[in-house]
Amino acid sequence: MKITDVRTFVTGNPPPQAGGRYFIFVKLVTDGGVVGYGEAYSAAFGPHLTAKLIEDVAERYLVGHDPHDIETLFRRAYSSGFSQRPDPTLMGCVSALEMACWDIIGKEAGKPIYKLLGGMVHERLRSYTYLYPATGSVVPGETDEARNVYNDPGLAAEAARACIAEGFTAVKFDPAGPYTAFGGRQPRLADLDLSVRMVAAVREAVGGTADILFGTHGQFTPSGAKRMARALEPYDPLWFEEPVPPDNPEAMAEVARATSIPIATGERLTTRFDFARLIELGAAGILQPNLGRSGGLLETKKIAAMAEARHIQIAPHCYCGPIVAAANIQLAVTLPNFLILESIRSFDGFHAELLKTKIEWQDGHVIPSREPGLGVELDEAVAEAHPYEGDDLHLQMAQEPIQT
């Protein structure tokens, strides 16, 4: 069996844009006509350029080769251009291609991928969602002066109650102010005050029926993060997500030692080499690899195994499209140290439209598909009917320092 063809799709995500502005999909075809789909979680360059990068990596290291040879694909691509170090953009490309290979492998075997990665440990997967506004297109963390679920305690509490009524037992939000390219920084007194009021309102709304997941996307210095953690500890969040920027795991370990709140991180990291530093330092009790960036299913299985040896849990990240979501599900099913899965609401809306069969979600849990491969099929007609034609990135930090 050989890969003979590669094609990419850059699909715009219509309002309210839950999961980001666009999704980047890849389709691989074998000489026997078997199709596999993948998705990249890559935000450093424009999506159309990223699609070309995926095609370049495929032409160099995959077309003409057997999709079963996952280790060979990874090592050749990881070493591309004499690099041999974690590279988020390259690994976004590799991750998309790797999951498409696994989709083909599963289809050829007539088995879901999880059957080929150790088998099913969990028959259903607990999931959480961001608090999303009922209407509108506010992106979490981006500046918006209007009242919304990220800056208004009453609206956040209302949204949390709606999630609990739907079946969720955990909700996430990040009210600590806009992300800036000039972090980390000290939280302003206003940031501390709003964060406490938001968490207090959501805790009062959900009581003991749901966990609160508090995110910051690496906004703070270690000392600033410790101040925020002290303010939040009375409300017992399940985790404090990415309290400092991801480039200094020693700083994250400092925060982890100073708080009783579990530290969660990993969406901006890639490969076992990035995650090994976190694990060795005790910098996080919960790892959040995104399979569209982390290196793919096999690489993330290795990350999870390293974490398991240190009693660290895995909570796959997914602020992207439904193919990454499907890959997360396939892997999470196999992990003894799985904690919780990020879902985009209940994978309804455009995420459902992009698939020929919707990801199954019931009472706060994802029900893994028993179909071969990833268990889902991209509806190419829908993907093609929504081309992304803008020039914004998937996510974007504030471009000026936050004034204190």
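Each value in this text was obtained by applying a stated rule to the coordinates, not by laboratory testing. As the structure is a prediction and not an experimental result, all values here were calculated from the model. Backbone-built Cβ (ideal geometry, glycine too); neighbour counts: all protein chains shown.
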Problem - Calculated on alpha-carbon atoms, Rg and Dmax of the chain in Å - result: 20.0, 62
Handout entry: Counting DSSP beta bridges with both ends in the stretch 3-110, the antiparallel % (nearest 5)
Key = 95
Practice task
Could you point to the residue in S83, L62, G20 farthest towards the positive end of the stretch 3-110's charge dipole, with +1 and -1 charges on the Cβ of Lys/Arg and Asp/Glu respectively?
Solution key: G20
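Determine, for each peptide in 116-127, 265-276, the mean count of other beta carbons within 10 angstrom over its residues, then list the peptides with the highest first. The partial results should precede the final answer.
Working: 116-127: 16.7, 265-276: 23.8.
Going from most to least packed, we get 265-276, 116-127.
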Problem - Karplus-derived 3J(HN,Hα), 6.51/-1.76/1.60, for each residue of the stretch 254-264, Hz, glycine and proline x - result: 4, 5, 4, 6, 9, 9, 7, 7, x, 8, 10
Exercise for the section: Enter the Cα centre distance for the pair the stretch 10-68 and the stretch 223-292, rounded to the nearest angstrom. Expected result: 29
Exercise for the section: Lys and Arg at +1, Asp and Glu at -1: add these up for the other residues within a Cβ distance under 11 Å of A385 and post the number. Expected result: -4
Practice task
For each of V202, V10, V94, count neighbouring Cβ atoms within 10 Å of the residue's Cβ, then give the residues from fewest to most.
Solution key: V10, V202, V94
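Need one number: % antiparallel among DSSP beta bridges in the chain, to the nearest 5. Show your work: numbers first, answer last.
Numbers: 22 of 44 bridges.
Restricted to the chain, the bridges split so that about 50 percent are antiparallel.
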Completion exercise
Per the C-alpha gyration tensor (a ≥ b ≥ c, the square roots of its eigenvalues), the stretch 267-404 is rounded if a/c is under 1.5, else prolate if a/b beats b/c, else oblate; here it's oblate
Fill in the blank from the handout: For the chain, the longest principal axis of the Cα atoms and the Cα long axis of helix 322-332 enclose an angle in degrees, to the nearest 10, of 90
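Taking the Cβ of A58 as the centre, find all other residues whose Cβ is under 10 Å away and add up their charges (Lys, Arg: +1; Asp, Glu: -1). Each step should come with its number before you reach the end.
On the way: positive: R7, R60; negative: D5, E55, D56, E59.
With Lys, Arg at +1 and Asp, Glu at -1, the neighbours total -2.
Only Cα pairs under 8 Å and at least 6 apart count here; give the relative contact order of the chain as a rounded whole percent. Could the numbers behind the result be given before it?
Numbers: 916 pairs, mean separation 90.3, N = 404.
Rounded, it is 22 percent for the chain.
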Handout entry: Using alpha-carbon coordinates, inclination of helix 189-206 to the longest axis of the chain, degrees
Key = 80
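With n ≥ 4 as the cut-off for DSSP H runs, can you work out [θ] at 222 nm for the chain, using -39500 (n - 2.57) per run divided by the number of residues, rounded to the nearest 500?
So the calculated ellipticity at 222 nm is -11000 deg cm²/dmol.
Only Lys, Arg, Asp and Glu count, each charged at its Cβ (+1, +1, -1, -1), so figure out the dipole size of the chain about its Cα centre, rounded to 20 debye.
Details: 36 positive and 51 negative charges, 184 e Å.
About 880 debye.
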Problem - Net charge of Cβ neighbours under 9 Å - reference G46; Lys, Arg +1; Asp, Glu -1 - result: -2
Problem - Bins of 5 Å, starting at 0 and running to the largest distance - Cα pair percent for the stretch 3-110 - result: 2, 13, 24, 24, 18, 11, 6, 2, 0
Problem - Normalised contact order of the stretch 317-381, rounded percent, pairs of Cα under 8 Å and 6 or more residues apart - result: 34
Problem - Positive dipole terminus of the chain, leading residue within M198, Y150, V244 (C-beta point charges) - result: V244
Practice task
Kindly express, to the nearest 10 degrees and within the range 0 to 90, the angle between helix 88-109's C-alpha long axis and the longest C-alpha principal axis of the chain.
Solution key: 50
Problem - Rounded to whole Hz, the Karplus (6.51, -1.76, 1.60) HN-Hα couplings of the stretch 117-131, x for glycine and proline - result: 10, x, x, 7, 9, 10, 7, 8, 10, 4, 10, 10, 9, 4, 7
